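Here's the structure, in structure tokens; my notes come after.
The values are calculated or read from the model by the stated rules, or taken from the named source; none is laboratory data. Not measured: the values here are computed from a predicted model. All Cβ positions, even for glycine, are placed from backbone atoms using ideal geometry, and neighbour counts span all protein chains on display.
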Amino acid sequence: MALTGKTGADAIFGALKRICHVLVKYNTKLLAVVDAAQAAGAITAGDATTIKAFITVAVATCDAFGKLAAYSGF
């Protein structure tokens, strides 16, 4: 049975939704900028790996919170 009311899932999903929309929309261009910045020496390989991992995890987190928010009835 779904828990309804204020659980925090709605607030978190609302905050993440905009960020996720931007990450999904600009994913390809953002990854290209990361690669270019690394090639130019502006960021390290470790920085590039961290940024790419963040993007991947953020999108997966948004999908998961979307499901949680839907289950909670928000």
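Beta carbons closer than 9 Å, at least 6 apart along the sequence or on distinct chains, pair a first residue in the range 7-32 that is over 16 Å from Thr61 (Cβ atoms) with a second that is aromatic (Phe, Trp, Tyr) and assigned to a loop (DSSP other than H, G, I, E, B) for Thr7/Phe74.
Quick grid of which residues meet (1) surrounded by fewer than 12 Cβ atoms within 10 Å (Cβ to Cβ); (2) at pLDDT below 85; (3) not in a helix (DSSP H, G or I):
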| site | (1), (2), (3) |
| --- | --- |
| Gly14 | no, yes, no |
| Arg18 | yes, no, no |
| Ala32 | yes, no, no |
| Asp47 | no, no, no |
| Ile51 | no, no, no |
| Ala60 | yes, no, no |
| Phe65 | no, yes, no |
| Phe74 | no, yes, yes |
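Within the range 1-12, one or more residues are loosely packed, with under 13 Cβ neighbours inside 10 Å, at pLDDT below 85 and of a type in the set (Ser, Thr, Tyr).
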